[in-house]
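Read the structure below first, then the notes.
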Amino acid sequence: MNVIETNGLTKYYGESRGIIDLSLSVEQGDFFGFIGPNGSGKSTTIRSLLGLITPTSGSASIFGKDCVKDKLKILSNVGYVPSEAMFYSGMRVDEIIALSAKLYKKDCSKKASELCERLSVDTKKKVDELSLGNRRKVSIVCAMQHEPSLYVLDEATSGLDPLMQNEFFSLLNECNAAGATVFLSSHVLSEIQRYCRHAGVVREGKLITVRTVEEITKSSAKRVILHGVAETPKIEGIYDITTNDDHVSFLYSGEMKRLIESLVELPIIDMTVTEPDLDETFMHFYGGEIK
């Protein structure tokens, strides 16, 4: 059963592109990553799914219900963390959490207390006093306290320190193991690689591919910089080359052993190997420029 289903989902803001002809399905119980650079259409997709904006054309459903006509029924069983956490000014954290629980017409006090303890949330502070990371933690508590069947998370780790990020993903893994579906939007490739089973790649409003994370990881290149030389090794799998007087930079897709063997005769002073940014990954592994 597909928890999320879109067909030709399109959204324009006047003449500006949001998303274009996006067709996507996410199975029940999946931990699904939705990846793309900032401005690629991730938030527009999520807001269309949750009925927060009306699509220009196409359709979307969650739990088999239409995302426009049945959005209230859908939202009652969804935990949503937006990319930017906004709260009513002047309220304490515990008041915000209690208000959120009332919207679901459910006693969430026990679960909320557990979440606040695990995420180190100070419930007596005013929301106006909170840092970005602490505001993020409050939004996570609000999204998870009613124990929904679907979690929709839009850049949810932004502002969290590494310890809190680990705790947050521990919570998500527990929910997923209990049967909940997780839809995680991110531009951080390492998050998707570490936690998700499947992923959809979006760029310039278009869905480029949906694959298992293992397939995406295997197709990823490395950014290699060789210091002390201005020539590239004679080996297949090298592209996007830039040269300078004292170094050469390129993307390499292939076995690292083969690359190292090809470097033996070059007068290299130093070498760095890093993950390419997402724009590079999309450009070279998912069809280049999107027309």
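Points worth noting:
- Here Leu130, Leu184 are screened, and the one residue that is in the same structural domain as Asn38 (by TED's automatic domain parsing) and over 24 Å from Val202 (Cα atoms) is Leu130.
- Screening Gly36 on (1) farther than 26 Å from Gly179 by Cβ; (2) in contact with a helix residue (DSSP H, G or I) (Cβ under 7 Å, 6 or more places away or on another chain); (3) modelled with pLDDT of 95 or more shows it passes everything except condition (3).
- Qualifying positions in region 35-69 - in a loop (DSSP other than H, G, I, E, B) and within 17 Å of Ser186 (Cα to Cα): Gly36, Pro37, Asn38, Gly39, Ser40, Gly41
- Of all residues in region 118-148 being hydroxyl-bearing (Ser, Thr, Tyr) and surrounded by fewer than 18 Cβ atoms within 10 Å (Cβ to Cβ), the one that is farthest from Cys108 (Cα to Cα): Ser131
- Test result for Asp107, part of a loop (DSSP other than H, G, I, E, B), loosely packed, with under 13 Cβ neighbours inside 10 Å and in the same structural domain as Asp30 (by TED's automatic domain parsing): yes
- Residue list for region 114-130, restricted to those being touching a residue at least 24 places away in the same chain (Cβ under 8 Å) and assigned to a helix (DSSP H, G or I): Leu115, Cys116, Arg118, Val127, Asp128
- Index of the failed condition, Thr45 passing every other in (1) in contact with a helix residue (DSSP H, G or I) (Cβ under 7 Å, 6 or more places away or on another chain); (2) β-branched (Val, Ile, Thr); (3) under 12 Å from Phe183 (Cβ atoms): (1)
The values are calculated or read from the model by the stated rules, or taken from the named source; none is laboratory data. Given the structure is predicted, the values throughout are model-derived calculations rather than measurements. Here Cβ is always computed from backbone atoms with ideal geometry, including for glycine, and neighbour counts include all displayed protein chains.
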